[in-house]
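**Student:** Before I ask anything, here is the structure I am working with.
The values are calculated or read from the model by the stated rules, or taken from the named source; none is laboratory data. Keep in mind the model is a prediction, meaning the values are calculated, not measured. Cβ: placed from backbone, ideal geometry, glycine included. Neighbour counts: every protein chain shown.
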Amino acid sequence: MSVADHFQRADHIAHLMMKKRTCFRIKENVFSFLPDVEPVERFERRFGLTFDRAEGSEVMIKFLVKGQNIETLEHKIIAADQIAFVKIHFAFDNNWKPLHKVVQFTQDEITYNRVLGTENTSCFLPAELTAGTVKMSLFGYDAEAIETVRATTVVKTLHTRPSGFEGENSNVPLTPDLYQQLLQKIQSASKGTDGKSAFEIAVEHGFVGTEAEWLESLKGVDGKDGVNGKDGCDGRNGVDGLPGKDGKDGADGVPGHNVPMGKMGLTESMVLMENPPILLP
């Protein structure tokens, strides 16, 4: 028997077991005693998917992101053509928790981004993925860091199997691009609920009185005058100013009067002398 025939037989056994479980309310752990081990393991995986759908919850695949590695914690068979049904859940180590995280799924050289942010830890598998190989990785960044910080992981390979869906795929929702998702995150974060006022918090911590009384209680006593500062150093001498402009010529004086030499006590011979005598009054 080939491997494909073996798995087909296991699927058939699982289908029959599922009917028996529904009719006779057989517990899940009963199947672990069956001798055909591989078909039972195959059934348990299929049974888990069927049971999740019966309860209306998503199929959950779990991974641990530790450092730059992605470790598988819980894996289930992935079928193509799903829409908002297969959810990928991540557990992060302490280095990843404060980062803004983005999951990237790449198939046929097309990358689909799923923004987790800092709080979310799970996302749906993009509905555009078809049967085949899918490369999954994560990157994270710290928006508050002074220097650029970007964390990355190695690629984790997922395998999606063909589904039995035969309907139209024209209604498959497209994954928003990275910019649209980041913008939506920012907008949703800015629409948070209003917090309590400082007065309300003060009342919760024991303050009794009106808001005006509380505001008045915040005013402190005037502080003491500070010590006088030291005298500053003398400033440097200023630069010499430019020479002033020449003043205007003064007005001509009044003509003097001719005084006879006799009245001045002088004789003509004195005037002609080189050193005339000085006459005292």
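**Student:** If I go through the range 201-218 residue by residue, how many of them are modelled with pLDDT under 80 and surrounded by 13 or more Cβ atoms within 10 Å (Cβ to Cβ)?
**Tutor:** 4
**Student:** Given the residues Asp81, Asp108, which is the only one that is within 19 Å of Thr175 (Cβ to Cβ), among the charged types (D, E, K, R) and surrounded by 15 or more Cβ atoms within 10 Å (Cβ to Cβ)?
**Tutor:** Asp81
**Student:** Filter the range 58-90 for residues that are assigned to a strand (DSSP E or B) and either charged (D, E, K, R) or touching a Pro at 6+ places or on another chain (Cβ under 8 Å) (or both) and give the result.
**Tutor:** Answer for the range 58-90, where residues must be assigned to a strand (DSSP E or B) and either charged (D, E, K, R) or touching a Pro at 6+ places or on another chain (Cβ under 8 Å) (or both): Lys62, Lys66, Glu71, Glu74, Ala79, Lys87.
**Student:** From the list Gln184, Gln180, which residue is loosely packed, with under 13 Cβ neighbours inside 10 Å, modelled with pLDDT under 85 and in contact with a Pro (Cβ under 8 Å, 6 or more places away or on another chain)?
**Tutor:** The match here is Gln184.
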